[in-house]
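Report on the structure given below.
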Amino acid sequence: MISKSFIKSSVTYTIIGALPFASSILLLPFYGNKNLLSTDDFGLLAIFIILSELARILFSFSAESFLGNTYIHYRNDKKNEKKFLGTSFLFLMLYGSLFTFILSIAGNLLFGLFYPAKSIEFMPYGLISVITGFFNGVFKAYTSHLIFREKPKPYFWSNILHFTLIIVVSVEGLYLFPLSLAGPIWGRFTGAFATFIWATVFFVKHGNLSWDRNVFKHLIRYSAPIYSHNILYWIISNIDRYIILGLLNQSSVAVFDFAIKITLAIEFLQNGLSAAILPKVFELWKNKNNEPFGSIEVNKYFHVFTLINLTLIPLYLILIPYLVPVVVNNSDLYQSFPLLPLLFAGMIVRIWYYVLVAPVYYFQKTTILPKVFVVTAAFQITATYLMVNLNGVNGAVVANFITKILQISLMFFFVKGFYQFRANKAKLLYYPLTIIVLLILTTLLVGQYSAIVVYSLIFIFSVALAFHTYRKEISISWIKEMLTK
């Protein structure tokens, strides 16, 4: 029987792990206030935030995965545990400090090289963002370790501190220094610095700060593939903003980035649903003697996943034009609304990604992922550059969508080599594909007809198609059973 403490800690890790998403949403009314932040600065802030995330990935060498997933091999021996923690922390500090020093010197040169015709300075906010990324890398390693150390309380309070400082300092900074990046940039720095100190105290207290060659070799061997994967994932997720900045301007970055932020709610929903159903799917495969094929029982969970997404996405699309103006008064950002149908079509494509990646993780075929991501990242860069040149921000959205299609196609090509699908095509293929086609058509029709009318028709059609497709099994109790059984 599952213990109450396990359920409580799982809820803590899930909810608190979503705080970065929550901070992005909570700060949007302030970032989207034209009296506090200009459209150009909104775009430039997006550039610095994703630069900070790149710095976190680069400087940590994915040691957070090593500190979490391999802790089980060291925890039974206090001496080995101290070596494990001490060597990992020293590596984070040395590797991160070296990269921070290099980027602090090369930052202005790189910005000048990539954006020669733009009046964009790396100093001071670029450097602060890089240092923030370094601090966040150490903190991320600490929190990843806490999960496997089964310490939900320090995980909870350290993340609450990080979240609170970002919100409070960012908002106060915007009111003290309106129409400046000072508040948002220093807000993120303050949160990162405070929790960096928190993490450092833990590593110094629990680790032996001496170099152990075997632990270091293990770290490099384990983390290197994940490191390359994380860098490629960052490219696929964020490089479009840098290309838009180079070919267009900061305001265009703001419009595109705001549209992406709106879709984060669906991404959060998908990640949460995935976390709920994958353990159940894995258990089914285990009970079937790890045989790599689908079944009616496995498919039911992905049917729920699909149904929830395809019902809520059209509804969310209807609500956005009404909800956003209530909290965001910068009308320049409303230019993102016409971009949303195709972006949400891409979010529906992600449904298939979750279906395909489940057997990859369970049957330990993760070598597939770097192959897929290398090709996808290269295509993303090329397609975005060409499409933005042809059609501005709209071109970036088209490139984003096509890249997702390519990614799914490559995943299917590799996965079918070891896994036998036994899917209900009407539920997992034709139903999502129909809504995708409708959203693509909507991109063309919204200029001629009322957007709300078109979105409402799609929602009505999606619900009707859902009842037709799931007519033999659909009910609230069925959905609840699939998510809680």
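Read-outs: derived from the displayed coordinates by stated rules, not from any lab. Computed from a prediction, not measured in an experiment: that's the story for all the values here. Quick reminder, even Gly has a Cβ in these numbers, built from the backbone with ideal geometry, and neighbours come from all protein chains shown.
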What net charge do the residues around Val388 carry, taking every other residue with its C-beta under 12 Å from that of Val388, with Lys and Arg at +1 and Asp and Glu at -1? 0
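Highest mean first, what order results for 334-346, 458-470 on Cβ atoms within 10 Å?
Sorting 334-346, 458-470 by mean packing, highest first, produces 334-346, 458-470.
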Integer Hz, Karplus 6.51/-1.76/1.60 couplings in order for segment 55-71, x for Gly and Pro: 4, 4, 5, 5, 7, 8, 6, 6, 5, 4, 5, 5, 5, x, 6, 9, 4
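Give the shape of segment 116-236 as rounded, prolate or oblate, defined through the alpha-carbon gyration tensor: a ≥ b ≥ c are the square roots of its eigenvalues, a/c under 1.5 means rounded, and otherwise the shape is prolate if a/b is larger than b/c and oblate if not. Kindly include the intermediate steps, with their values, before the conclusion.
Working: a/c = 2.37, a/b = 1.43, b/c = 1.66.
Because a/c hits 1.5 or more and a/b fails to exceed b/c, segment 116-236 counts as oblate.
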Honestly segment 258-348 on the Cα gyration tensor test (a ≥ b ≥ c root eigenvalues; a/c under 1.5 rounded, otherwise a/b vs b/c for prolate or oblate) is just prolate
A correct Karplus calculation of ³J(HN,Hα) over segment 132-142, with 6.51 cos²θ - 1.76 cosθ + 1.60, θ = phi - 60°, whole Hz and x for Gly and Pro, returns 4, x, 4, 4, 5, x, 5, 5, 4, 4, 5
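Relative to the compact-globule scaling 2.2 N^0.38 Å, provide the ratio for the alpha-carbon radius of gyration of segment 4-211.
On the way: Rg = 18.3 Å, N = 208, 2.2 N^0.38 = 16.7 Å.
Normalised by 2.2 N^0.38 Å, the Cα Rg of segment 4-211 equals 1.10.
Would you list Val298, Val169 from fewest to most Cβ contacts within 10 Å? Present the calculation step by step, with values, prior to reporting the outcome.
Values: Val298 23, Val169 20.
Lowest count first: Val169, Val298.
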Report the label-to-label distance for Gln420 and Asn80 in nanometres (one decimal), using points 7 Å from each Cα along the Cα→Cβ vector. 4.0 nm
With viscosity set to 1.002 mPa s and temperature to 20 °C, compute the Stokes-Einstein D of segment 254-484, Rh being the Kirkwood radius across alpha carbon pairs; µm²/s, no decimals. 114 µm²/s
³J(HN,Hα), Karplus 6.51/-1.76/1.60, whole Hz, each residue of segment 104-120, x for Gly, Pro: 5, 7, 8, x, 4, 5, 5, 4, x, 6, 7, 10, x, 9, 10, 8, 10
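Around Tyr125, under 14 Å between beta carbons, what's the net of Lys plus Arg minus Asp minus Glu among the other residues? Intermediate results must be reported in sequence, preceding the final value.
Numbers: positive: Arg188; negative: Asp40, Asp41, Glu121.
With Lys, Arg at +1 and Asp, Glu at -1, the neighbours total -2.
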Global geometry of segment 351-463, whether rounded, prolate or oblate, following the gyration tensor of its Cα atoms and the 1.5 cut on a/c: oblate
For Val138, what is the net charge nearby, where nearby means another residue's Cβ is under 12 Å from its Cβ and Lys, Arg count +1, Asp, Glu -1? +1
Candidates (1) 26.2; (2) 24.1; (3) 29.4; which is the computed Kirkwood radius over Cα pairs in Å? (2)
